[in-house]
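A quick write-up on the structure given underneath.
The values are calculated or read from the model by the stated rules, or taken from the named source; none is laboratory data. Remember, it's a predicted structure, so these values are computed and weren't measured experimentally. Note that each Cβ is placed from the backbone with ideal geometry, even for glycine, and that neighbours are counted across all protein chains shown. Only protein heavy atoms, including side chains, enter the accessible area calculation; ligands, DNA and RNA are left aside. Shrake-Rupley method; radii C 1.70, N 1.55, O 1.52, S 1.80 Å.
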Amino acid sequence: MSTDHNPGEAEEEGGAPSPHGVVPTPVSVSRVRREMAGVVTLELTPASAFGFVPGQFNMLYMFGLGEVAISLSGAPAEENRVVHTVRAVGAVTQAITRLRRNDVVGVRGPYGSYWPVLESEGNDVVIVAGGIGLAPLRPVIYRVLAHRQRYGRVVVLYGARGPADILYRRELEAWQRRLDVDIMVTVDHAAADWRGNVGVVPALIGRAPIDPDHTVAMVCGPEIMMRFTIEALRQRGLVTDRIFLSMERNMKCAIGFCGHCQFGPAFVCRDGPVFRFDRIAPFFNIREI
């Protein structure tokens, strides 16, 4: 893998798609899936083919309320649908999670940088996700498994608060049945009938099969979880230019104009959300204002 990768530069196979504009396009909801309390996955049907690369996001607009940045969580190869997993945390996302089939939501995008999926070919891939942080990484898993022969060992480490909070449970179970990927799931706490791991997801890194010289790590989740994950990966020998993470600072405009998501010298919406860790390490411990 080239360590000179700069997320956001043009990829192979057509490059990262350009945003369609700054005016939201009305798009119909074709399917709503309730993942857990307060979390839904929406499938939208665009009027024309919609391309994106793993790691990018759209701005979803609720008419009369406002808009919010939401990562794309579907399969990049499926250009006839747009998939977003949304957690209700504010007025706009609460309204989005109440949408039903045939309702309309405004969409503009895709925006942002991307995970180094193509650049990681020939390497082992370690994916570490916490909570709803699995959503921005699911397109990576889809792409890697669709081209499984191009990668070495594939490891997915996922943590949730409890068994009821596990995102994409059926898919995780299906991936666990595969012989060509290592899936480890843990929860922070559980009742006596839980038969899986208990503990925080960074604790799984010490048990995971990792060859630091041939591994690329991609991390997404709460910032405190990512801090401990990066520390654990470095203890396993990974250098910082082989660790990538997605920042979820509060984005408003998606084009680096309003300055709301400034992160050191960068803007998360324009220069991120995916960053190579060595490039943001000096600013990573600065909490969002």
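I'd like the full set of residues that are outside any loop (DSSP other than H, G, I, E, B) and without any contact (Cβ under 8 Å) to a residue 12 or more places away in the chain, limited to region 88-108.
Gln94
Among (1) modelled with pLDDT of 90 or more; (2) open to solvent by less than 70 Å² (accessible area, probe 1.4 Å); (3) of a type outside the set (D, E, K, R), there is one condition Ala254 misses while meeting the rest; what is its number?
Answer for Ala254: the failing condition is (1).
Identify all residues within region 223-240 that are touching a strand residue (DSSP E or B) at 6+ places or on another chain (Cβ under 6 Å) and open to solvent by 10 Å² or more (accessible area, probe 1.4 Å); write none if there are none.
Passing the criteria: only Met225.
Of the residues that make up region 237-251, is at least one touching a residue at least 24 places away in the same chain (Cβ under 8 Å), in a helix (DSSP H, G or I) and of a type in the set (Ser, Thr, Tyr)? Spell out the reasoning first.
Looking only at region 237-251, we keep the residues that are touching a residue at least 24 places away in the same chain (Cβ under 8 Å), and these are 237-251.
When the remaining residues are screened for being in a helix (DSSP H, G or I), the result is 240-242.
Those left that are additionally of a type in the set (Ser, Thr, Tyr): 240.
Within region 237-251 (the criterion being touching a residue at least 24 places away in the same chain (Cβ under 8 Å), in a helix (DSSP H, G or I) and of a type in the set (Ser, Thr, Tyr)), the answer is yes, since at least one residue qualifies.
Restricting the search to region 69-87, which residues are assigned to a loop (DSSP other than H, G, I, E, B) and not basic (Lys, Arg)?
Ser73, Gly74, Ala75, Pro76, Ala77, Glu78, Glu79, Asn80 - these are the residues of region 69-87 that are assigned to a loop (DSSP other than H, G, I, E, B) and not basic (Lys, Arg).
Please pick out the residue among Thr45, Thr25 that is free of Cβ contacts under 8 Å to residues at least 60 places away in the same chain and in contact with a Lys or Arg (Cβ under 8 Å, 6 or more places away or on another chain).
Thr45
Restricting attention to region 118-149, report how many residues are more than 22 Å from Leu204 (Cβ to Cβ) and either part of a strand (DSSP E or B) or touching a helix residue (DSSP H, G or I) at 6+ places or on another chain (Cβ under 6 Å) (or both).
So the answer is 1.
Taking Gly133, is it surrounded by 19 or more Cβ atoms within 10 Å (Cβ to Cβ) and at pLDDT below 95?
In short, no.
Filter region 106-146 down to the residues that are closer than 23 Å to Gly38 by Cα and in contact with a His (Cβ under 9 Å, 6 or more places away or on another chain) and list them by number.
Across region 106-146, the qualifying residues are Val107, Ala135.
Search region 10-44 for residues being modelled with pLDDT under 95 and among the hydroxyl-bearing types (Ser, Thr, Tyr), and hand back the single one that is most open to solvent (accessible area, probe 1.4 Å).
Ranking the qualifying residues of region 10-44, first place goes to Ser18.
I need the full set of residues from region 48-73 which are open to solvent by less than 10 Å² (accessible area, probe 1.4 Å) and within 13 Å of Val86 (Cβ to Cβ), in order please.
Within region 48-73, Phe57, Asn58, Met59, Leu60, Leu72, Ser73 qualify.
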